[in-house]
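Reading through the structure tokens given below for one structure.
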Amino acid sequence: MTDRFMLSRRQLLKTSAAGAAFGLASAAFPISRALAATATVGFIYVGPKDDYGYNQAHAEGAAALKGIEGITVVEEENVPETVDVQKTMESMINLDGASLVFPTSFGYFDPHMLAMCAKFPDVQFRHCGGMWDKAKHPMNAGSYFGYIGMGQYLNGVVAGHTSKTKKLGFVAAKPIPQVLLNINSFLLGARSVDPTITCQVIFTGEWSLAVKEAEATNALVDQGADVITCHVDSPKVVVETAAGRGAFVCGYHANQSPLAPEKYLTGAEWNWAKVYKMFVDDLVAGTPLPNFTRGGLADGFVKMSPLGPAVGEPARKQFDATLAEMMKGGFAVIKGPLKSNKGAVVATAGQAFPENAIELESMDYLVEGVVGSTA
């Protein structure tokens, strides 16, 4: 969808009384349309669909629906987390007849998606994240997410085998629980290879700020890190900068190997195609959609990028063996005895927190071996 077309849709919503009247009618029949084994599904992205990151991962998931008979996919990219996203959702419902909408960015949920849930009670909305609460939010809303920490642990396994300096680097946006879990998982994966390995983290303070991402990557390489990974919206700048400096890279969100074919080791990717197909199958069958959906590697919600040419045989063997254990279920990255990098005990001997442990959702520490601070 071009910017020109998106603008015309927004203008139509803003200026056409007929469009508003049509909205009252269209909101009444999405479910009957779904029961007829056809549906229009809307996807909204905060950035470009080809960002080699967060938005591309969702767009690839949406693309997997386009070959399904009876399913129409409508998309809009570069939609800010403002009232603009409400206009986009209204457009998809009123003009395109969407009966299921996926606003994929964190800031779309409250108040924007919730406002649309109230306005269009017959339309289903599912938000990427874990914000939906049965006690607080409407039943035509919901959330979905993936446990990707184990993917970062596998990144760490490969990084641990590859590093010569025993210093890894992590470019992160903000010290929120999911980001901290990814940092800790990466370091713990590397320490399963060599317990003396360290990982320095630099927080940029923003989900997408290319200048700071490049500066952070260069600073990490300058300080001896020879394998870099990240948790920002688009890893493109980090991957290209690190590879340009001669460092190896592990990816995140999507497959960035085309950006650095010789330096890309592997990556932790979302597999949203699996999730979106599950929702659409329920929609066209007339089955109530789940309000809270989570899964990890074993569930197919997360996948790993193919191992790159620089990955040696010992790394491949440990990677494959660890992945096989994870696929059995119950694998715990965070387990005791384990301390934070400030010396506090975060897991006692025999204590383990599997990926779905509620305690991980309030993580506020960096583990021993991570150089950096959450403050």
For the range 122-143, enumerate the residues that are in contact (Cβ under 8 Å) with a residue 24 or more places away in the chain and among the basic types (K, R).
R126, K134
Listing of helices (runs of 4 or more DSSP H) fully contained in the range 144-261 that carry 2 or more residues being farther than 20 Å from V311 by Cα:
177-191, 210-222, 236-244
Counting only residues in the range 51-70 that are in contact (Cβ under 8 Å) with a residue 24 or more places away in the chain and not in a helix (DSSP H, G or I), the one surrounded by the fewest Cβ atoms within 10 Å (Cβ to Cβ) is identified as G70
Among (1) closer than 29 Å to V367 by Cβ; (2) part of a loop (DSSP other than H, G, I, E, B); (3) not β-branched (V, I, T), M139 falls short only on (1)
Odd one out for L360, checked against (1) in contact with a strand residue (DSSP E or B) (Cβ under 7 Å, 6 or more places away or on another chain); (2) surrounded by fewer than 19 Cβ atoms within 10 Å (Cβ to Cβ):
(2)
For E90, are the conditions met, namely being within 23 Å of H253 (Cβ to Cβ) and at pLDDT 95 or above?
no
Of all residues in the range 88-132, which are in a helix (DSSP H, G or I) and in contact with a Lys or Arg (Cβ under 7 Å, 6 or more places away or on another chain)?
S91
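The values are calculated or read from the model by the stated rules, or taken from the named source; none is laboratory data. Keep in mind that this is a model prediction, so the values were computed, not measured. Neighbour counts run over all protein chains shown; Cβ positions are idealised from the backbone, glycine included.
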